[in-house]
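Single-structure report; data block below.
The values are calculated or read from the model by the stated rules, or taken from the named source; none is laboratory data. As the structure is a prediction and not an experimental result, all values here were calculated from the model. Here Cβ is always computed from backbone atoms with ideal geometry, including for glycine, and neighbour counts include all displayed protein chains. Protein only, heavy atoms only, side chains kept; ligands, DNA and RNA dropped before computing areas. Shrake-Rupley method; radii C 1.70, N 1.55, O 1.52, S 1.80 Å.
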Amino acid sequence: MCHNLMLDPDWKKAAVEIDSFLTEFFRTDEMFKGRIRENGCNIKMNDLFYKESQSVCIEAGIHVFALSIDEIDRKGYERLLQNVSLCRREKALKYKNLTDSVRTVCGELLLRYGISQKYKKYISVEALHFQFTDYGKPYISGSNKLFFNISHSGRWVVCAVSGCEIGIDIEKIDTSIDLNLAEHCFHKKEIGSINTETEDKYELFFHFWTAKESYIKCTGKGLFEPLNHFCIFEDSVVHDGLPMSHKLFFYNGFHGYSMSICSSCKSAAFERISLVTINDIVQMLDRG
């Protein structure tokens with residue numbers, strides 16, 4: 001069953017104001033003619049901006065912020081670099097490729113932007129500090145109400161924020177990849193699905209790949225959890241024949257990309273995707 005979503009009251013006015021713009025934008029831009037799939041159902045993107053019958057609380061709600069890095073040049077990157085945490089700055093500077101550095105920096109800034117827009121009652125941007133679990137998963141220091149996860153591929157950087165443990169993965173669909181990789185990384189049932197797929201094996205491959213990545217990022221174990229030890233079935237993760245207490249969401253609206261989100265809460269509901277521009281980030285930095 002698909003759930004109708006209700007935004008917080010503070011967002012209702014803004015949602016109504018931008019709805020006419022979104023309707024035209026989605027109609028004219030192929031990139032965003034996608035759908036969020038929840039429990040096997042398709043939810044139109046415009047539906048995510050209406051107040052309907054069921055509310056979403058912070059504990060279960062998932063909000064994704066997405067940023068395209070196409071317009072960020074070296075000068076812009078150097079300014080952004082000065083506004084991230086030391087550990088993120090050091091990581092970015094290790095890359096030889098500018099694009100890799102830009103994506104790394106923008107991941108943290110996208111999180112800061114999201115918190116400044118919606119979650120500042122839980123934690124201020126100024127008080128935002130990071131620590132890492134034993135498996136290397138970053139988390140917000142001193143906060144047990146807000147969780148995040150970041151992913152990037154190609155031109156896109158995405159950040160998922162929720163009141164439950166969360167994982168997100170986005171991948172550019174690469175049709176040059178050797179599909180035999182599935183034999184080493186995927187569960188036998190997933191391999192069987194790819195082998196019998198007649199229309200788009202690559203799309204299905206990355207569907208499974210991003211779903212599995214989002215799950216191990218949600219649990220925080222990363223590749224310490226072998227990808228072939230569990231199976232993706234619809235919106236669930238199955239381990240040793242038993243469904244785990246996690247819920248998956250899939251999005252195919254970024255043309256040429258596959259994106260999956262995993263929540264540790266079975267009651268999780270997808271709120272919305274917010275498209276963020278580099279100007280939004282700069283204005284946040286200017287406000288201090």
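Yes/no per residue for (1) of a type outside the set (Val, Ile, Thr); (2) in a strand (DSSP E or B); (3) buried (at least 16 other Cβ atoms within 10 Å of the Cβ); (4) touching a residue at least 60 places away in the same chain (Cβ under 8 Å):
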{"site": "217", "(1), (2), (3), (4)": "yes, no, yes, yes"}
{"site": "237", "(1), (2), (3), (4)": "no, yes, yes, no"}
{"site": "249", "(1), (2), (3), (4)": "yes, yes, yes, yes"}
{"site": "254", "(1), (2), (3), (4)": "yes, no, yes, yes"}
{"site": "259", "(1), (2), (3), (4)": "yes, yes, yes, yes"}
{"site": "262", "(1), (2), (3), (4)": "yes, yes, yes, yes"}
{"site": "271", "(1), (2), (3), (4)": "yes, yes, yes, yes"}
{"site": "284", "(1), (2), (3), (4)": "yes, no, yes, yes"}
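Listed by first and then second residue, the pairs linking a residue in segment 89-100 that is open to solvent by less than 60 Å² (accessible area, probe 1.4 Å) to a residue that is small (Gly, Ala, Ser), with Cβ atoms under 7 Å apart and 6 or more places separating them unless they lie on different chains, are 92/101.
In this structure, residue 204 does satisfy being hydrophobic (A, V, I, L, M, F, W, C), open to solvent by less than 60 Å² (accessible area, probe 1.4 Å), touching an Asp or Glu at 6+ places or on another chain (Cβ under 9 Å) and at pLDDT 95 or above.
For segment 137-184, filtered to residues that are among the acidic types (Asp, Glu) and open to solvent by 20 Å² or more (accessible area, probe 1.4 Å), the residue that is nearest to the chain's Cα centre (by Cα) is 171. Checked against (1) within 24 Å of residue 62 (Cβ to Cβ); (2) out of contact with any His (no Cβ under 6 Å at 6 or more places or on another chain); (3) open to solvent by less than 10 Å² (accessible area, probe 1.4 Å), residue 209 passes all but a single condition, namely (3). Against the definition (of a type in the set (Asp, Glu), surrounded by 13 or more Cβ atoms within 10 Å (Cβ to Cβ) and either assigned to a loop (DSSP other than H, G, I, E, B) or in contact (Cβ under 8 Å) with a residue 24 or more places away in the chain (or both)), how does residue 108 come out, yes or no? Yes; evaluated as a whole, the condition is true for this residue. Here segment 107-163 is the region considered, the condition is being over 20 Å from residue 222 (Cα atoms) and among the basic types (Lys, Arg), and the residue that is modelled with the highest pLDDT is 155. Looking only at residues of segment 221-235 that are assigned to a strand (DSSP E or B) and not aliphatic (A, V, I, L, M), we find that the one that is most open to solvent (accessible area, probe 1.4 Å) is 233. Screening the candidates 176, 193, 143 for the property of being more than 28 Å from residue 71 (Cβ to Cβ), assigned to a loop (DSSP other than H, G, I, E, B) and not charged (D, E, K, R) yields one hit, 143.
Applying the criterion of being assigned to a loop (DSSP other than H, G, I, E, B) and over 17 Å from residue 214 (Cβ atoms) to the residues of segment 126-136, the residue that is least open to solvent (accessible area, probe 1.4 Å) is 128. Within segment 273-282, the set of residues being assigned to a strand (DSSP E or B) and either basic (Lys, Arg) or closer than 19 Å to residue 73 by Cα (or both) comprises just one member, 276.
If only residues of segment 73-100 that are in contact with a Leu (Cβ under 7 Å, 6 or more places away or on another chain), in a helix (DSSP H, G or I) and of a type outside the set (Lys, Arg) are counted, the one that is farthest from residue 130 (Cα to Cα) is 77.
Name the residues in segment 120-145 that are over 18 Å from residue 167 (Cβ atoms) and hydroxyl-bearing (Ser, Thr, Tyr), would you?
122, 124, 141
So which residues in segment 111-125 are of a type in the set (S, T, N, Q) and part of a helix (DSSP H, G or I), if there are any at all?
Step one: of segment 111-125, the residues of a type in the set (S, T, N, Q) are 116-117, 124.
Matches in segment 111-125: 116, 117.
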